[in-house]
1. Count, please, the residues in region 38-78 that happen to be touching a strand residue (DSSP E or B) at 6+ places or on another chain (Cβ under 8 Å), free of Cβ contacts under 8 Å to residues at least 12 places away in the same chain and closer than 26 Å to residue 112 by Cα.
2. When you look at residue 35, is it in contact (Cβ under 8 Å) with a residue 24 or more places away in the chain, surrounded by fewer than 22 Cβ atoms within 10 Å (Cβ to Cβ) and more than 19 Å from residue 191 (Cβ to Cβ), yes or no?
């Protein structure tokens, strides 16, 4: 299987961590999202990453769908619970983690596109959302202690924020979350996938 990705993307990092934790080998193909390759746009009409290409040529895109696929083809360790109530609880946290990625990526892109005249109100509103998410997750640490799609997603989101906007992450403001993130970041899968420019 091939994973079309960038080494910066928190969405791709989440997929890569899932694969590593499950012992699934992925051939990594780095993509340029400005000059999109014919292979990427053929595999995914949106031209977005991550996109997974199976050995039979079938493509799977959007990180939650890819992660669910990987969770199904290699049952252990189970990262999305089968029990309906536990599954719902994990998926809600995972959705919040993905939302934190969305907000952080949107802020970075706004400043990247308009470095001198970015929309300050947009940035300020999203910074409030980031802080609100941190408060929320600080109160959910007990639910994040298990290795699952939510804990992987949140660690990937915080890792990206530290990479792009480290000034927003003050660990002293969220002590329980900070301790959890520090411990989770020591996992080999996290160390192997630290975001980088190229």
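1. 0
2. no
Conditions (1) at pLDDT below 95; (2) over 15 Å from the mean Cα position of the chain (by Cα); (3) farther than 25 Å from residue 24 by Cβ, marked per residue:
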{"site": "46", "(1), (2), (3)": "no, yes, no"}
{"site": "60", "(1), (2), (3)": "no, yes, no"}
{"site": "75", "(1), (2), (3)": "yes, yes, no"}
{"site": "103", "(1), (2), (3)": "no, no, yes"}
{"site": "106", "(1), (2), (3)": "no, no, yes"}
{"site": "149", "(1), (2), (3)": "no, no, no"}
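The values are calculated or read from the model by the stated rules, or taken from the named source; none is laboratory data. What you see is a predicted model; the values in this text were computed from it and never measured. So basically every Cβ, Gly included, is an ideal-geometry build from the backbone, and we count neighbours across all protein chains shown.
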